[in-house]
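All remarks here apply to the structure that follows.
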Amino acid sequence: MAGMREIRHGRFDELDGATVYGLARLRQEVFVVEQECAYPDLDDLDTDPETVHFWIGTGTGLVACLRMPPHGRGRRIGRVCTAATERGRGLAGALMTAALEHAGPATDVVLDAQTRAAGFYRGHGFVEHGEEFLEDGIPHLPMLRRGR
């Protein structure tokens, strides 16, 4: 259960090597291997001094993560993933809640949702904000949670 696991967060320069490795490995397992998307996962947004990484780990490694880099005057949420063995336990929802709390209610937050997951993001206050598009062969919807 999400409540039984600690949500951690930090900027790149605050992360130790094991955490960076765990984030990269989990994203590789989900996006590159499971979803068969060969794309440049490691980019300059990971190391941007304003990007905040959120994750949940166990004794065997990281099981869920996301990142939140700056986006204009707001934030962007991306690289949201949960290990296949841990899905359905509310971990991604807990991370989303933590990230949105960190951003604050006045901050606009955008993301590009895989279309099949748009309902999950609607549950966190996001609305469609543009036309569906393909990214790496997967349909996505741009979504926005406007700050108050």
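Filter the stretch 27-75 for residues that are basic (Lys, Arg) and modelled with pLDDT under 95; which is surrounded by the most Cβ atoms within 10 Å (Cβ to Cβ)?
Among those that are basic (Lys, Arg) and modelled with pLDDT under 95, it is 27.
Please determine, by comparing only the residues of the stretch 3-26 that are touching a helix residue (DSSP H, G or I) at 6+ places or on another chain (Cβ under 9 Å) and aliphatic (A, V, I, L, M), which one is surrounded by the most Cβ atoms within 10 Å (Cβ to Cβ).
Checking each candidate, the answer is 23.
Out of 133, 120, I need the residue that is under 14 Å from the mean Cα position of the chain (by Cα) and more than 19 Å from residue 51 (Cβ to Cβ). Which one?
Among 133, 120, only 120 is under 14 Å from the mean Cα position of the chain (by Cα) and more than 19 Å from residue 51 (Cβ to Cβ).
Within the stretch 112-138, track down each residue that is among the hydrophobic types (A, V, I, L, M, F, W, C) and closer than 21 Å to residue 39 by Cβ.
Result: 113, 117, 118, 133, 134, 138.
Name the residues in the stretch 111-144 that are hydroxyl-bearing (Ser, Thr, Tyr) and either in contact with a Lys or Arg (Cβ under 9 Å, 6 or more places away or on another chain) or assigned to a strand (DSSP E or B) (or both), would you? It would help to see each step written out before you state the result.
Residues of the stretch 111-144 hydroxyl-bearing (Ser, Thr, Tyr): 115, 121.
121 - this is the single residue of the stretch 111-144 that is hydroxyl-bearing (Ser, Thr, Tyr) and either in contact with a Lys or Arg (Cβ under 9 Å, 6 or more places away or on another chain) or assigned to a strand (DSSP E or B) (or both).
Take residue 91 and decide whether it is surrounded by 15 or more Cβ atoms within 10 Å (Cβ to Cβ), under 23 Å from residue 140 (Cβ atoms), of a type in the set (A, V, I, L, M) and touching a Leu at 6+ places or on another chain (Cβ under 9 Å).
no
Which condition breaks for residue 89 when tested against (1) out of contact with any Ser or Thr (no Cβ under 9 Å at 6 or more places or on another chain); (2) in a loop (DSSP other than H, G, I, E, B)?
For residue 89, the exception is condition (1).
The values are calculated or read from the model by the stated rules, or taken from the named source; none is laboratory data. What you are looking at is a predicted structure, and each value in this text was computed from that prediction instead of being measured. We place every Cβ from the backbone using ideal geometry, glycine too, and count neighbours over all the protein chains shown.
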